[in-house]
Each structure stands twice: as structure tokens, then as C-alpha cells.
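Scroll down for the structure; my scribbles are underneath it.
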């Protein structure tokens, strides 16, 4: 048999409020403290008999008085429905989260405000520490952006300063080789041609430095247009073909008969594929092979460049895309570059919202796979 519910008496209500962890106070219609539970004594470190009948403002720092009065008036006038919250700092550095709610009697008579108070000092300290940490992080990010801009400016300025006199030197060397200023004997021609080839390599390294600087400045202004990836790759293969023949390296291509349309910057993609193909030649074997293939599905275009070269160690695979990384192995018939080619390739691919993967094994060759989206790039 279910017993009927007992009516809630004042003693039961008192027991309920006495058992609460939150401090509870009732403020009458004259803004006086008419009731507070034991928890409030503990939280605020006050005695009930010392605060009963006193103004609520006596329990708040003077700087918070206008806000407290505003909250009570908005609740009294029903401008704010439900409850009103306020965080305040009391003497001693403690923080409290206070929730104010209007209490209404018969005929919508305003009786006062009930305030539920909870100490949140630790939470406030944690929030302040988090805010300070975020400010420090933002300052660190600003400094990194500043240093990155300084690096880009430095690369650009130094590269231009290097290239300007070098163009002049190459021009005069070309005139001498063409015998426009007099005859050249065989030994002189040999030395001049070696110097000229090395200047060409130096020019390429300077161009790469300029590209690294410009990528950081101009990547937002790239013009992405519909292009045929097959034609892009055919042009890159034609560009490196003389270098491949010089080392008796066979280029084997497998392209589809139909176009592979993507949105891209043709000149930049040629730059990326030229770098990959040049590396496939430089780190190949005399008389080796390079396979170049293109494929596509409904979402992506795939370019695959595989060589029969010396391969890359397992440890170095994690480093190859870092700037200034250089493999220890000696490249075919040329001096090493600055180690920024693959870094440049990765940056170009990523700015096309693509991905580049590498597989390699020492003594068995290296394969690069570039995946580029066919859908519009945001």
C-alpha cells in the first residue's frame, strides 16, 4: 500500500537547505538578508547572526554594488526572466559564482531574491591561467610569423643579389664561347664550358631559393586554371630528356589517350615534376630506367615516377621533404644542390591540396606518387 505524501513543512525545508553544499540566501524586498543556510556561513566565512537583517551590499565589495543593485532591479521589474548570474571577487582573493532568482508571492507580489552562491576560485584561477597561456601562445605565433617573414625577405634579397652579377658573368662567358671576342683553343673551351655548366647549376639553386621565398608570399595569389596533366607531364619529360640521354637512362612513359583535367598552376606543376624527374636521373644508375605513369579515378589524378636508382635509406625517408636535406649518396655526374628541391615539390603539391608519397629501398630504386584532386579547390 502506497503511503500518501507528507506535506513539506518548514522543518523539512530547513533540513533541505541545511544539507546543501551551495550557499543559499534570501534577500527581501528591501534588499536585506532575511535568511542564509549553514553552507553560506562556511563559503563566505561569516556568522548568520552577524549578517541577518543587513543590506546585501554589506556582503559585497563596493566596486560590485552597482552591478548587484542592477541585477536585483531587473529581476524586481521582470526585465530579466528566470535567473541572473554574476561572478564576483571577494576579500581574500576568493571568487564566487552567484545565481539570482526573483521570488514571487500571490498576485505576482515581489517578495525578494534568492541567491545561490558557490566558490569557484580554483576554476577561475584555471581559466585565468588558460587565458594567459593562450596569450603567450599567440605572442609566440606572432613572433614565428615575423621570423618567417624575415626569412622570406632574406631569401629573396640574397637570391636577387646573387643572381644579378651571375647573369652578367654568364653573358660574358657565352660571348667568349661563341668566339665573339676572339678565337678559343680546345683547352680553354673545355674549362669555359665546365664553368658555364656550373653557373647553370648555380642559377637553378638560386631560382629554387627565390621560389621558396615567393611561395610564402605569393601562394594566395596563384591562378588555378583547368589544365591537362598529360600535357604537363609530357613537357616535363621533354625538358629532362637530354639529361637522361647524357647518362644513357631510358625514359618509359605510360599516359592515357584521353586528357586528365585538373585545376592547377601549370608552371608550378612543371617545376615540381621537373624536380622529381631530375632527381630520378641524378640518383639513378648509368644506363638505368625511369618509369613515368599517369592515371585517374573519379576524384583524383595520380602521377607516378619510379627509378631503378640507388634508393634512399629507411632513416632518410622521414627527412627527404625537409629543407636542406641531402642524401649522402653522390649524384650522377653532378655536384649536389642545396637540398631544397623536394621541399619545394611538397609545398607545390600541398598548395594544390594534393599529397605526395615516397617508397624506396637501398639498391632498388625510388618511387614517388603524387595525388592531385580533380574537384574544384576552395
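The values are calculated or read from the model by the stated rules, or taken from the named source; none is laboratory data. Small disclaimer: the values here were computed from a predicted structure and weren't measured. Note that we place each Cβ from the backbone using ideal geometry, even for glycine, and neighbour counts take in every protein chain shown.
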Exercise for the section: Taking residue 162 as meeting all but one of (1) part of a helix (DSSP H, G or I); (2) modelled with pLDDT of 75 or more, write down the number of the exception. Expected result: (2)
Exercise for the section: Consider only pairs whose beta carbons are under 9 Å apart and that are at least six residues apart or on different chains; among these, list those whose first residue lies in the range 162-180 and is over 12 Å from residue 203 (Cβ atoms) and whose second residue is at pLDDT 80 or above and loosely packed, with under 10 Cβ neighbours inside 10 Å. Expected result: 172/181; 174/180; 175/181; 176/182
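Keeping to the range 13-65, report how many residues are on the phi > 0 side of the Ramachandran plot and either crowded, with 16+ Cβ neighbours inside 10 Å or at pLDDT 80 or above (or both).
Our first condition is that a residue be on the phi > 0 side of the Ramachandran plot; within the range 13-65, this holds for 31, 45, 53.
Then drop every residue that is not either crowded, with 16+ Cβ neighbours inside 10 Å or at pLDDT 80 or above (or both), which leaves 31, 53.
Qualifying residue count for the region: 2.
In the range 207-234, which residue that is assigned to a helix (DSSP H, G or I) and modelled with pLDDT of 75 or more is nearest to residue 277 (Cα to Cα)? Reasoning before the result, please.
So in the range 207-234, the residues assigned to a helix (DSSP H, G or I) come out as 207-221, 229-234.
Next cut, modelled with pLDDT of 75 or more only: 229-234.
Numbers: 229: 15, 230: 15, 231: 15, 232: 13, 233: 10, 234: 12 Å.
Checked the range 207-234; the qualifying residue nearest to residue 277 (Cα to Cα) is 233.
Scan the range 51-68 and give yes if some residue there is in a strand (DSSP E or B) and under 21 Å from residue 110 (Cβ atoms), otherwise no.
Going residue by residue through the range 51-68, those that are in a strand (DSSP E or B) are 55.
Adding the requirement that they be under 21 Å from residue 110 (Cβ atoms) leaves 55.
Checking the range 51-68: at least one residue is in a strand (DSSP E or B) and under 21 Å from residue 110 (Cβ atoms).
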Exercise for the section: Those residues that are over 17 Å from residue 347 (Cα atoms), touching a residue at least 60 places away in the same chain (Cβ under 8 Å) and touching a helix residue (DSSP H, G or I) at 6+ places or on another chain (Cβ under 9 Å), I need them from the range 261-283; list them, please. Expected result: 261, 262, 278, 280
Handout entry: strands (runs of 3 or more DSSP E) wholly inside the range 75-149 that include at least 2 residues being surrounded by 10 or more Cβ atoms within 10 Å (Cβ to Cβ) and modelled with pLDDT of 85 or more
Key = 95-104, 110-119
Completion exercise
A careful count of residues in the range 183-199 that are surrounded by fewer than 12 Cβ atoms within 10 Å (Cβ to Cβ) and either farther than 11 Å from residue 173 by Cβ or under 48 Å from the mean Cα position of the chain (by Cα) (or both) gives 7
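Considering the range 295-320 alone, what residues qualify as being part of a loop (DSSP other than H, G, I, E, B) and out of contact with any helix residue (DSSP H, G or I) (no Cβ under 8 Å at 6 or more places or on another chain)? Before you say what the answer is, go through the steps one by one.
Residues of the range 295-320 that are part of a loop (DSSP other than H, G, I, E, B), as a first pass: 297-299, 308-315, 319-320.
Residues satisfying the conditions are 297, 298, 299, 308, 310, 311, 312, 313, 314, 315, 319.
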Practice task
Could you tell me which residue of the range 354-378 is surrounded by the fewest Cβ atoms within 10 Å (Cβ to Cβ), considering only residues that are modelled with pLDDT under 90 and outside any strand (DSSP E or B)?
Solution key: 378
